[in-house]
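The values are calculated or read from the model by the stated rules, or taken from the named source; none is laboratory data. These numbers come from a predicted model, not from an experiment. Cβ placement follows ideal geometry from the backbone for every residue including glycine, while neighbour counts extend to all protein chains displayed.
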Amino acid sequence: MTRYESSMKRSLYSILSIPEKLVTALVSGFWRFLNGLRRFVANLFFLMLLIGLIFVFVAEKRTGLLLPVKGGLLINPKGVVVEQLSYANSLDELYMLSTDGPQEILLSEFLQLISRAKSDSNITAIVLQPGGLVGTGISKINAIGEALLDFKQSGKPVIAVGDYYSQMQYLLASYADEIYLHPMGGIELKGLSIYRTYYKEALDKLAVDYHVFRVGAYKSALEPYLRNDMSPEAKQANNVWLTDLWRSYTQTVSQQRGISVAGIDQYVNQQDELLVAQNGDVAKTALAASLVDGIKTRPEQRRYLIEKLGGNDDETNFKHVKFSDYLGMNHLFTPLKSNMESYKDKQVGVIIAKGEIVDGRAPPGAIGGDSLAELIRQARTKQEIKTLVLRIDSPGGSVFASQVISDELALFRQSGKPLVVSMGSVAASGGYWISTDADQIWAEPDTITGSIGVYGALPSLARSLTKIGLHNDGVGTSRLSGAYQLERPLSDYAARIAQLEVENVYRQFVQRVAVGRKMSDDQVAAVAQGRVWTGRLAHANGLVDKLGGLQNAIEAAAELAGLKEYSQHVLQRKLSPREQILRQLNSIRFDVYEQSVENAWLSAISALIKEFKILEQMNDPKGLYSYCVACKLFQ
């Protein structure tokens, strides 16, 4: 009983001369009623606040959707285009994602909205402002570019405007009919590269011994811990796929801009000479190289767009709807139509597998062995799903988790349903491991794949601790007791066991590929050893069946299942009400993030942190990984 209840009881007892037990019951009951009422009012207030927030968001969407009768669609993405949105499990994670990364834009929605704009009579043009686009793979940019080319078939123009174009931003802009650049801006074309920081000398100075167990002359993920430079094998392998990707990049720009590949290479490799001819003016140099159609300040760009598309009421801007508002309109009022109702019993299942492969369960944006296996199991047991397309965008990860997924895929195929893999920007190492079970493998021409190899690693701090006077000693019952403790030196016996296990897993990987691709072990070995390939080169080497995108793979899966008419069904883990609220918050979490021109030294620090974060995510129970670090860093 609280002191307030006691006080009330004494007052009533003394005034009314009521028995103490009755007073106690009355006061306690009344107090419980007050507490219940307080909780009810608090919950009601919270519910009203939640409804109010939803109303605000809806109202905000509605006010943004008061479109002009005719106007342009302003595509000004801020962030990275992805196959699947990442997801925060808690408000703490939500805060970290809000402040630590760019907004994510779903590729499928991007493509659908451009397609819808093509037939929307209110959309008279697309205006591209790609300055906020960061960290997106070439294959995704080209997929958006193809959608823009299809949009232009309607006779509507695409106009790109911006202050400065990074290499990937310019690739997207090259699909426009016209490109305009700010006088103080520039076009950053610099080629493609993989550069890493190497720690061997630093580890030697710190007396840290890093034991690496690997198979594959080109499996260079852990080279930084063993060397001070990139090995000749890694340089050779990386140069092959980087050269092929750069060739694809320059050919795309050449075709879209109507300039020669030689002219693009000259802009990159002889830029100093070109700058001299333009008195050091970067924008004029880009114009002289025909990379842009004109140089305009922001007011000039705005005036030009008003002339082309009409102005708003006060003539301060051109008539347009923002990409985010157009997306909101589709979500809230005119959702993209599906043929699910027409063909409920004839479905092509689609599962998106995006991110690092980790053991156990993982939220969207990462691939958990258990959580992905569960979705595959649902596809197998649902009678209406006749075939499955597994869309992979992953550099790999845990070998154990990869096998858990493969076991479930094998059961899926044994059920008689066809399985087709569609590769996104990257499907390498573990991402390729889980591809080998498919009836067909489709890759984008610029997909990064292969990297067939396995490794494990274990640091030893024994020498480092001895240097500062710390020693480790004790007894064990076997040769392996305490063998893998970080503070103890690794014995030759334990190291030999680890290497033998890695070699065994690599043999399993090669055999899986050989069976799945109908190749001999020797044929697989010739393209394995950890080598990375583009989709084009992988196709030439027999590692994939066809070149094409997700829709091509879906059509192929339907054909394998004998479906002429069908619906598409994306399988996703069902979210609890709490998770659904967090997902809604996820969609607005990144408003605080802005990124402009890349800062060189911040980029270097970011790359270093990124590499260490990769290690943090590794949780294989045996410490064995099939992971393409170069693919991840390049992305």
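Would you point out the residue of segment 247-272, among those that are of a type in the set (Val, Ile, Thr) and within 15 Å of residue 174 (Cα to Cα), that is surrounded by the fewest Cβ atoms within 10 Å (Cβ to Cβ)? If you could, list the steps in order and put the result at the bottom.
Within segment 247-272, the subset of a type in the set (Val, Ile, Thr) is 250, 252-253, 259, 261, 264, 268.
From the residues that got through so far, the ones that are within 15 Å of residue 174 (Cα to Cα) too are 250, 252-253, 259, 261, 264.
Working: 250: 21, 252: 18, 253: 22, 259: 17, 261: 14, 264: 21.
Applying the filter and picking the extreme gives 261.
Would you be able to tell me the number of residues in segment 461-473 that are touching a Lys or Arg at 6+ places or on another chain (Cβ under 7 Å) and of a type in the set (Gly, Ala, Ser)?
So in segment 461-473, the residues touching a Lys or Arg at 6+ places or on another chain (Cβ under 7 Å) come out as 462, 472.
Among the residues that remain, those that are also of a type in the set (Gly, Ala, Ser) are: 462.
The number of residues fulfilling the criteria is 1.
Could you run through segment 369-390 and say how many residues are buried (at least 24 other Cβ atoms within 10 Å of the Cβ), in a helix (DSSP H, G or I) and over 23 Å from the mean Cα position of the chain (by Cα)?
1
Per-residue answers, yes or no, for (1) within 30 Å of residue 463 (Cα to Cα); (2) in a helix (DSSP H, G or I); (3) touching a helix residue (DSSP H, G or I) at 6+ places or on another chain (Cβ under 6 Å):
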| position | (1), (2), (3) |
| --- | --- |
| 151 | no, yes, yes |
| 184 | no, no, no |
| 190 | no, no, no |
| 204 | yes, yes, no |
| 228 | yes, no, yes |
| 240 | no, yes, no |
| 246 | no, yes, no |
| 250 | no, yes, yes |
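Answer yes or no as to whether residue 442 is touching a residue at least 24 places away in the same chain (Cβ under 8 Å), over 18 Å from residue 507 (Cα atoms) and among the aromatic types (Phe, Trp, Tyr).
Yes, satisfied.
Can you pull out the residues in segment 409-432 that are assigned to a strand (DSSP E or B) and either of a type in the set (Lys, Arg) or closer than 16 Å to residue 352 by Cβ (or both)?
Within segment 409-432, the subset assigned to a strand (DSSP E or B) is 419-428.
419, 420, 421, 422, 423, 424, 425, 426, 427 - these are the residues of segment 409-432 that are assigned to a strand (DSSP E or B) and either of a type in the set (Lys, Arg) or closer than 16 Å to residue 352 by Cβ (or both).
Residues 105, 159, 179: which one is at pLDDT below 90, in a strand (DSSP E or B) and either more than 27 Å from residue 447 (Cα to Cα) or touching a strand residue (DSSP E or B) at 6+ places or on another chain (Cβ under 9 Å) (or both)? Before you say what the answer is, go through the steps one by one.
On the way: 159 fails: at pLDDT below 90; 179 fails: at pLDDT below 90.
Checking each option against the conditions leaves just 105.
I'd like the full set of residues that are within 25 Å of the chain's Cα centre (by Cα) and surrounded by fewer than 20 Cβ atoms within 10 Å (Cβ to Cβ), limited to segment 538-568.
545, 546, 547, 548, 551, 552, 555, 568
Among the residues of segment 365-400, count how many are among the β-branched types (Val, Ile, Thr) and touching a Lys or Arg at 6+ places or on another chain (Cβ under 6 Å). Spell out how you get there, then give the answer.
In the first step, residues of segment 365-400 are kept if they are among the β-branched types (Val, Ile, Thr); the result is 367, 376, 381, 385, 387, 389, 392, 399.
Pick out the ones that are also touching a Lys or Arg at 6+ places or on another chain (Cβ under 6 Å) and you get 387.
Final tally of qualifying residues: 1.
Residues of segment 414-428 being over 18 Å from the mean Cα position of the chain (by Cα) and either farther than 23 Å from residue 397 by Cβ or β-branched (Val, Ile, Thr) (or both), which ones?
Let us first name the residues in segment 414-428 that are over 18 Å from the mean Cα position of the chain (by Cα), namely 414-420.
Scanning segment 414-428 gives 414, 415, 416, 417, 418, 420.
Based on what the data block shows, is residue 470 part of a loop (DSSP other than H, G, I, E, B), surrounded by fewer than 24 Cβ atoms within 10 Å (Cβ to Cβ), aliphatic (A, V, I, L, M) and out of contact with any His (no Cβ under 7 Å at 6 or more places or on another chain)?
The answer is yes for residue 470.
Name the single residue, out of those in segment 156-204 being within 26 Å of residue 301 (Cα to Cα) and of a type in the set (Phe, Trp, Tyr), that is farthest from the chain's Cα centre (by Cα).
Looking at the filtered set, the residue picked out is 180.
Report every pair of residues separated by at least 6 positions or lying on different chains whose Cβ atoms are under 6 Å apart, first residue within segment 294-320 and closer than 12 Å to residue 161 by Cβ and crowded, with 17+ Cβ neighbours inside 10 Å, second at pLDDT 95 or above and hydroxyl-bearing (Ser, Thr, Tyr).
From residues that are closer than 12 Å to residue 161 by Cβ and crowded, with 17+ Cβ neighbours inside 10 Å, the pairs are 296/180; 301/180.
Please go through segment 505-537 and pick out each residue that is of a type in the set (Gly, Ala, Ser) and surrounded by fewer than 21 Cβ atoms within 10 Å (Cβ to Cβ).
Pass one, segment 505-537, residues of a type in the set (Gly, Ala, Ser): 514, 516, 520, 525-526, 528, 530, 535.
If the condition is that a residue be of a type in the set (Gly, Ala, Ser) and surrounded by fewer than 21 Cβ atoms within 10 Å (Cβ to Cβ), then 514, 516, 520, 525, 526 are the ones that fit.
Here is a check on your reading of the model: is residue 508 free of Cβ contacts under 8 Å to residues at least 40 places away in the same chain, of a type in the set (S, T, N, Q), in a helix (DSSP H, G or I) and over 23 Å from residue 212 (Cβ atoms)? Walk me through it before giving the result.
Numbers: free of Cβ contacts under 8 Å to residues at least 40 places away in the same chain: yes; of a type in the set (S, T, N, Q): yes; in a helix (DSSP H, G or I): yes; over 23 Å from residue 212 (Cβ atoms): no.
Taking the combined requirement at face value, the residue does not satisfy it.
Between 98, 121, 139, 86, which is part of a helix (DSSP H, G or I), outside the structural domain of residue 448 (by TED's automatic domain parsing) and either touching a strand residue (DSSP E or B) at 6+ places or on another chain (Cβ under 7 Å) or modelled with pLDDT of 80 or more (or both)?
139
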